[in-house]
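Undergrad: I have a structure I would like to understand better, so I am pasting it below and will then ask my questions one at a time.
The values are calculated or read from the model by the stated rules, or taken from the named source; none is laboratory data. Remember, it's a predicted structure, so these values are computed and weren't measured experimentally. Here Cβ is always computed from backbone atoms with ideal geometry, including for glycine, and neighbour counts include all displayed protein chains.
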Amino acid sequence: MYRTHNCGELRAEHQGTTVTLAGWVHRQRDHGGVTFLDLRDRYGIVQVVGDPANPALAGLQNARSEWVLQVIGVVRKRPEGAENPNMATGQVEIEAVEIQVLNPSKPLPFLVNKDEDTDEAIRLKYRYLDLRHERMQKNLILRHHVIKFIRDFLSEQGFLEIETPMLFKTTPEGARDFLVPSRLQPGNFYALPQSPQQLKQLLMVSGFDKYFQIARCFRDEDLRGDRQLEFTQLDMEMSYVHRDDVLAVIEELFSQMVPALLPEKRLLSSPWPRLTYIEAMERYGTDKPDLRFSMELFTLSDILAESEFMVFQSVLRAGGVIKCIVVPGCSEYTRREVDELTTLVKELGAKGLATLALSAEGIRGTAQKFIKPEEVEAIKARTGAGVGDLVLFVADQKAVANKCLSALRILFRDRLKLADTNVLAFAFVLDLPMFEWKEDEQKWDAAHHPFTMPKMEDLPKFETDPSQILSDAYDMVLNGYETASGSIRIHRSDIQQKVFQLLGLKDEEIRAKFGHLIEAFEYGAPPHGGIAPGIDRLVMIFTDEPNIREVIAFPKNQAGRDLMADAPSWASDKQLGELQLKLDLRKDEDKK
């Protein structure tokens with residue numbers, strides 16, 4: 001056998017045991033007639049020592065970084081004073097008897113025995129080497145434990161894990177589908193699932209009242225730090241439930257997971273806070289607020305309704321609002337620093353930024369000469385602002401003001417280190433809008449997805465004012481990220497038809513795209529609902545990583561390319577011919 005033990009398990013109680021190990025050379029050192037090397041596998045590192053003059057140990061001296069070795073030796077305690085408290089195996093070492101080189105290694109393009117600032121393109125090109133880093137291994141090991149915990153927890157709750165197809169029909173879920181041409185049905189296409197949405201609803205119709213799946217999902221959309229073209233989510237659905245039934249399961253799942261898998265982390269509160277969508281937008285300017293710090297948004301339109309500042313007056317006359325945040329301890333910000341903040345809000349669509357610095361010497365700032373003393377006192381009373389604080393105002397339409405102040409809130413969170421990185425601030429955001437108006441297309445679109453149940457009391461508004469219809473949808477948010485989205489689903493064909501019609505779909509189009517679902521609802525579909533936490537994004541937050549790529553084994557880069565395998569790539573003319581497809585994009589010399 002290649003090994004009797006792994007490198008991370010050996011302790012003082014193994015003293016005198018002959019062991020066979022296999023792994024990579026982590027480091028190698030020559031100390032005057034004695035050679036030391038650290039041997040590494042995914043379980044840990046152990047020190048190996050030997051006499052390089054021994055012919056059986058030639059590999060000990062010749063081995064270089066990342067060579068693969070097999071070591072046969074005897075476990076012994078390290079000499080007194082030579083113990084290494086920073087290593088789990090630091091009390092012992094292996095006195096080598098025989099060493100075999102299983103595979104040498106070329107010089108690496110970057111070091112893997114320590115983290116260094118390596119260009120991401122190089123890391124992704126040699127991802128199989130990058131994954132040898134201790135940090136990356138820990139990330140993927142945690143990911144495994146998160147998924148195992150989910151499976152164990154839901155299985156104990158009576159859920160069944162059921163797989164759904166990767167090849168299905170195109171589904172309208174807000175992003176472009178990845179299309180897969182059919183060889184057997186020329187001119188027809190499958191779509192890779194953006195989520196198993198319709199299929200899990202059909203499982204509810206089938207009588208499987210508690211379903212889950214660790215689902216692979218695909219969305220052809222622009223990439224960013226917390227988004228990939230393909231991702232993994234916990235997909236779950238339940239029958240005969242109301243909203244709070246679904247939320248109770250998911251809250252219990254993660255409330256138990258955190259202390260079990262992340263003992264260094266703590267939950268901000270239990271039970272988790274619940275905010276309506278309107279409340280979240282008013283207080284934090286976003287529907288995915290970071291609750292680890294305060295710095296809430298305040299509306300000052302009533303206080304400044306008679307302000308002499310003409311900008312404020314013109315905004316209020318146009319139906320806008322005046323809102324602010326209070327930045328603690330920043331009253332001494334310079335003009336240049338304030339100008340940088342102003343540039344940021346202008347890039348986000350605001351016309352400008354007004355400031356009020358509450359210093360010990362008095363009031364300063366661009367709004368100082370326009371705001372009366374009694375107005376200043378009213379602002380301080382409402383916001384809690386005090387000496388040393390900086391008040392930042394944005395006067396604009398509500399959506400713009402919220403967007404700008406939310407961005408400033410996050411900027412100062414990071415700049416002033418206001419959020420404890422060991423706190424997990426889970427919360428639910430409820431009562432989201434059902435529809436949103438697409439001005440460029442002059443049509444209504446589903447704010448969540450078209451299978452979301454509207455609030456039953458809002459059904460009459462389909463004919464009067466769709467903008468006021470609330471959905472029975474809900475989001476799970478964590479530390480400023482949306483980490484799950486879910487809803488009670490439509491289970492009645494008449495309501496589903498009404499939603500599709502409001503979205504501008506003709507009856508023929510509804511039958512062609514969703515006939516299978518509409519018909520299923522006519523065969524006794526139970527009320528049902530679910531939620532889908534994003535596993536990649538959650539593990540990214542759990543590991544304090546800045547990018548989702550750090551918790552995915554083989555991710556794409558920002559341009560959607562796999563640099564390791566050089567994908568996507570051209571298909572051959574033979575392959576295209578089998579699919580009866582012809583491309584006009586490339587030049588003749590590019591064809592293969």
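Undergrad: So for the range 87-98 (the condition being within 17 Å of E134 (Cβ to Cβ), assigned to a strand (DSSP E or B), among the polar types (S, T, N, Q) and under 41 Å from the mean Cα position of the chain (by Cα)), does at least one residue qualify?
TA: Among the residues of the range 87-98, not one is within 17 Å of E134 (Cβ to Cβ), assigned to a strand (DSSP E or B), among the polar types (S, T, N, Q) and under 41 Å from the mean Cα position of the chain (by Cα), which makes the answer no.
Undergrad: Hey, any hits in the range 8-16 for a residue that's more than 42 Å from the chain's Cα centre (by Cα), outside any helix (DSSP H, G or I), on the phi > 0 side of the Ramachandran plot and free of Cβ contacts under 8 Å to residues at least 40 places away in the same chain?
TA: no
Undergrad: A525 - would you say it is surrounded by fewer than 21 Cβ atoms within 10 Å (Cβ to Cβ), touching a residue at least 12 places away in the same chain (Cβ under 8 Å), touching a helix residue (DSSP H, G or I) at 6+ places or on another chain (Cβ under 6 Å) and within 16 Å of L199 (Cα to Cα)?
TA: Details: surrounded by fewer than 21 Cβ atoms within 10 Å (Cβ to Cβ): no; touching a residue at least 12 places away in the same chain (Cβ under 8 Å): yes; touching a helix residue (DSSP H, G or I) at 6+ places or on another chain (Cβ under 6 Å): yes; within 16 Å of L199 (Cα to Cα): yes.
No, not satisfied.
Undergrad: Please find, among L390, L416, L424, the residue that is modelled with pLDDT of 95 or more and within 22 Å of the chain's Cα centre (by Cα). So that I can check it myself, show each step before the final result.
TA: Working: L390 fails: within 22 Å of the chain's Cα centre (by Cα); L416 fails: within 22 Å of the chain's Cα centre (by Cα).
Result of the check over L390, L416, L424: L424.
Undergrad: Moving to a separate point now. Among the numbered criteria (1) closer than 30 Å to T452 by Cα; (2) in a loop (DSSP other than H, G, I, E, B); (3) not hydroxyl-bearing (S, T, Y), which single criterion is violated by D584?
TA: Here D584 clears every test but (1).
Undergrad: Can I ask one more? Hand me the list of helices (runs of 4 or more DSSP H) wholly inside the range 196-307 holding 1 or more residues that are under 30 Å from E163 (Cβ atoms). Full working, then the answer.
TA: On the way: elements: 197-205, 243-261, 277-284.
By residue number, 197-205, 243-261.
Undergrad: Mind listing whichever residues of the range 172-194 are part of a loop (DSSP other than H, G, I, E, B) and either closer than 29 Å to L253 by Cα or among the aliphatic types (A, V, I, L, M) (or both)?
TA: E173, G174, A175, L184, L192, P193, Q194
Undergrad: List the residue pairs whose Cβ atoms are under 7 Å apart, where the first residue sits in the range 80-100 and is free of Cβ contacts under 8 Å to residues at least 60 places away in the same chain, the second is part of a strand (DSSP E or B) and of a type in the set (D, E, K, R), and the two are 6 or more positions apart or on different chains.
TA: E93/R76; E95/R76
Undergrad: Which condition number does E116 fail, the rest of (1) within 30 Å of L253 (Cβ to Cβ); (2) in a loop (DSSP other than H, G, I, E, B) being met?
TA: Here E116 clears every test but (1).
Undergrad: Of the residues S239, S307, S301, S314, only one is surrounded by 15 or more Cβ atoms within 10 Å (Cβ to Cβ), modelled with pLDDT under 95 and either under 30 Å from T421 (Cβ atoms) or more than 20 Å from the chain's Cα centre (by Cα) (or both); which? If you could, list the steps in order and put the result at the bottom.
TA: Numbers: S239 fails: modelled with pLDDT under 95; S301 fails: modelled with pLDDT under 95; S314 fails: surrounded by 15 or more Cβ atoms within 10 Å (Cβ to Cβ).
That would be S307, the only listed residue that is surrounded by 15 or more Cβ atoms within 10 Å (Cβ to Cβ), modelled with pLDDT under 95 and either under 30 Å from T421 (Cβ atoms) or more than 20 Å from the chain's Cα centre (by Cα) (or both).
Undergrad: Which number in (1) surrounded by 13 or more Cβ atoms within 10 Å (Cβ to Cβ); (2) in contact with a Ser or Thr (Cβ under 9 Å, 6 or more places away or on another chain); (3) outside any strand (DSSP E or B) marks the one condition that I488 misses?
TA: Going through the list (1) surrounded by 13 or more Cβ atoms within 10 Å (Cβ to Cβ); (2) in contact with a Ser or Thr (Cβ under 9 Å, 6 or more places away or on another chain); (3) outside any strand (DSSP E or B), I488 breaks only (3).
Undergrad: Does any residue in the range 17-28 that is among the aliphatic types (A, V, I, L, M) come within less than 9 Å, Cβ to Cβ, of a residue that is outside any strand (DSSP E or B) and surrounded by 21 or more Cβ atoms within 10 Å (Cβ to Cβ) six or more places away or on a different chain, and which pairs are these?
TA: What qualifies is V19/L10; L21/C7; L21/L10; A22/C7; V25/A63.
Undergrad: Restricting the range 61-84 to residues that are in contact with a helix residue (DSSP H, G or I) (Cβ under 7 Å, 6 or more places away or on another chain) and crowded, with 17+ Cβ neighbours inside 10 Å, which is farthest from D38 (Cα to Cα)? Outline the logic, then answer.
TA: Taking the range 61-84 and keeping what is in contact with a helix residue (DSSP H, G or I) (Cβ under 7 Å, 6 or more places away or on another chain), we get 69, 75, 77.
Retained after the next criterion (residues that are crowded, with 17+ Cβ neighbours inside 10 Å): 69, 75.
Details: L69: 11, V75: 14 Å.
By that ranking, first place goes to V75.
Undergrad: Could you figure out which of (1) in contact (Cβ under 8 Å) with a residue 24 or more places away in the chain; (2) out of contact with any Leu (no Cβ under 7 Å at 6 or more places or on another chain) isn't true of P181?
TA: (2)
Undergrad: Tell me which residues, restricted to the range 328-370, are farther than 25 Å from Q313 by Cβ and surrounded by 14 or more Cβ atoms within 10 Å (Cβ to Cβ).
TA: Of everything in the range 328-370, those that are farther than 25 Å from Q313 by Cβ and surrounded by 14 or more Cβ atoms within 10 Å (Cβ to Cβ) turn out to be P328, C330, S331, Y333, S359.
Undergrad: Within the range 41-60, can you find the residues that are surrounded by fewer than 17 Cβ atoms within 10 Å (Cβ to Cβ), under 16 Å from L21 (Cβ atoms) and either in contact (Cβ under 8 Å) with a residue 40 or more places away in the chain or of a type in the set (V, I, T) (or both)?
TA: Matches in the range 41-60: R42, A56.
Undergrad: What is the residue count in the range 472-483 for residues that are small (G, A, S) and crowded, with 24+ Cβ neighbours inside 10 Å?
TA: We begin by selecting, within the range 472-483, every residue small (G, A, S); these are 473, 480.
Narrowing the set further to residues that are crowded, with 24+ Cβ neighbours inside 10 Å leaves 473.
Qualifying residue count, the range 472-483: 1.
Undergrad: Could you say whether any residue in the range 269-287 is within 20 Å of the chain's Cα centre (by Cα), under 30 Å from L140 (Cβ atoms) and surrounded by fewer than 18 Cβ atoms within 10 Å (Cβ to Cβ)?
TA: no
Undergrad: Shifting gears a bit: Would you check which residues across the range 422-448 are out of contact with any strand residue (DSSP E or B) (no Cβ under 6 Å at 6 or more places or on another chain), surrounded by fewer than 20 Cβ atoms within 10 Å (Cβ to Cβ) and in a loop (DSSP other than H, G, I, E, B) and list them?
TA: Passing the criteria: N422, E439, D440, E441, Q442.
Undergrad: If you don't mind, another one. In the set L405, L390, L418, which member is assigned to a loop (DSSP other than H, G, I, E, B), closer than 30 Å to V327 by Cα and in contact (Cβ under 8 Å) with a residue 24 or more places away in the chain? Can you show your working first?
TA: On the way: L405 fails: assigned to a loop (DSSP other than H, G, I, E, B); L390 fails: assigned to a loop (DSSP other than H, G, I, E, B).
Answer to the check: L418.
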